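Have a look at the structure below, then the notes.
The values are calculated or read from the model by the stated rules, or taken from the named source; none is laboratory data. Keep in mind that this is a model prediction, so the values were computed, not measured. Here the Cβ is made from the backbone with ideal geometry for all residues, glycine too, and neighbour counts use every protein chain on show.
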Amino acid sequence: MKSVVNDTDGIVRVAESVIPEIKHQDEVRVKIASSGLCGSDLPRIFKNGAHYYPITLGHEFSGYIDAVGSGVDDLHPGDAVACVPLLPCFTCPECLKGFYSQCAKYDFIGSRRDGGFAEYIVVKRKNVFALPTDMPIEDGAFIEPITVGLHAFHLAQGCENKNVIIIGAGTIGLLAIQCAVALGAKSVTAIDISSEKLALAKSFGAMQTFNSSEMSAPQMQSVLRELRFNQLILETAGVPQTVELAVEIAGPHAQLALVGTLHQDLHLTSATFGKI
């Protein structure tokens with residue numbers, strides 16, 4: 001089979017390897033149909049940010065069951081599935097409390113082990129789930145990124161009747177906007193520096209948009225004055241400036257979810273910290 005392999009210093013190559021075999025009864029083999037490139041993959045490709053090299057990245061993917069282990073009886077060859085890349089240990093105190101994302105010994109498909117930028121992959125049955133028969137297979141690759149925003153909404157006890165503000169209109173932000181609309185948000189505001197992305201945000205249901213390269217935090221706060229209560233803010237861009245912006249525009253007792261992955265140190269000024 002072919003796979004996309006990353007070496008150090010941004011070297012990317014297509015390699016030939018054997019199709020992986022099922023070795024345990026609770027495993028399935030997936031013939032991958034669609035695999036997304038996540039923003040978190042970029043430093044792994046270009047800044048030597050992976051845990052080891054060479055590595056095949058890809059943690060947002062969907063495909064079709066190709067083969068199943070002897071212990072799998074609810075999936076069959078040809079079934080469309082999406083992958084859950086997190087591999088918690090299920091035995092540490094965090095896992096035993098259900099805090100799987102805080103597992104002290106977790107593994108991760110596509111960053112800590114080879115992932116979905118390949119034609120086939122073998123994973124545990126519990127790391128895939130069946131897709132609706134009427135869902136386009138490429139849509140299945142968006143299941144993993146859409147759960148990022150959904151997880152934040154879940155931790156915030158939902159977003160119904162809340163004034164939701166999404167900072168960063170990339171893939172995660174745009175998916176979160178659609179989720180907020182579907183889950184009954186009172187209002188949805190999108191903030192980004194790209195007019196093109198903000199236009200997309202509006203087409204996906206954002207009721208108003210702010211271009212942060214053209215508006216200051218106080219200006220945004222002024223426009224948001226009537227929406228300052230019952231706010232839920234998702235920061236999805238993952239840069240220090242947008243984290244600071246999120247704190248600066250937050251209304252009284254706002255909920256703030258830091259969803260974006262920071263690749264730089266975060267330093268809050270005393271003035272910004274005083275607003276927390």
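Residue-wise test of (1) within 22 Å of H59 (Cβ to Cβ); (2) not in a helix (DSSP H, G or I).
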position	(1), (2)
P132	yes, yes
M135	yes, yes
G158	no, yes
I165	no, yes
Q178	yes, no
G184	no, yes
E196	no, no
A201	no, no
Quick check on the stretch 246-263. Is at least one of its residues outside any loop (DSSP other than H, G, I, E, B), at pLDDT 90 or above and in contact with a Ser or Thr (Cβ under 8 Å, 6 or more places away or on another chain)? yes
Residues of the stretch 78-125 classified as among the aliphatic types (A, V, I, L, M) and part of a loop (DSSP other than H, G, I, E, B), total: 2
Looking at the structure I just gave you, is A118 closer than 17 Å to R44 by Cβ and over 19 Å from the mean Cα position of the chain (by Cα)? yes
Among residues of the stretch 221-240, those that are over 26 Å from L155 (Cα atoms) and either among the hydrophobic types (A, V, I, L, M, F, W, C) or crowded, with 17+ Cβ neighbours inside 10 Å (or both), counted: 1
Filter the stretch 10-30 down to the residues that are over 15 Å from A130 (Cα atoms) and not in a loop (DSSP other than H, G, I, E, B) and list them by number. V12, R13, V14, A15, E16
Please determine whether any residue of the stretch 69-91 is touching an Asp or Glu at 6+ places or on another chain (Cβ under 6 Å), assigned by TED's automatic domain parsing to the domain that holds G10 and more than 14 Å from E27 (Cα to Cα). no
For the stretch 205-214, state whether one or more residues are hydrophobic (A, V, I, L, M, F, W, C), under 24 Å from H154 (Cβ atoms) and at pLDDT 95 or above. yes
Within the stretch 31-77, can you find the residues that are under 23 Å from the mean Cα position of the chain (by Cα), of a type in the set (A, V, I, L, M) and assigned to a strand (DSSP E or B)? I32, A33, I55
The condition from (1) surrounded by 16 or more Cβ atoms within 10 Å (Cβ to Cβ); (2) part of a loop (DSSP other than H, G, I, E, B); (3) out of contact with any Gly (no Cβ under 8 Å at 6 or more places or on another chain) that M215 misses is numbered (1)
Which is farther than 23 Å from L262 by Cβ and not hydrophobic (A, V, I, L, M, F, W, C), of G78, G49? G78
So the check is Cβ under 7 Å with 6+ separation or different chains; which pairs have a first residue in the stretch 121-140 that's at positive phi and a second one that's buried (at least 18 other Cβ atoms within 10 Å of the Cβ)? none
Single residue of the stretch 218-245 satisfying the filter (assigned to a strand (DSSP E or B) and either without any contact (Cβ under 8 Å) to a residue 40 or more places away in the chain or farther than 18 Å from I193 by Cα (or both)) that is farthest from the chain's Cα centre (by Cα): Q231
Going through I172, I165, I191 one at a time, which residue ends up being surrounded by 23 or more Cβ atoms within 10 Å (Cβ to Cβ) and either within 27 Å of A130 (Cβ to Cβ) or not assigned by TED's automatic domain parsing to the domain that holds V247 (or both)? I172
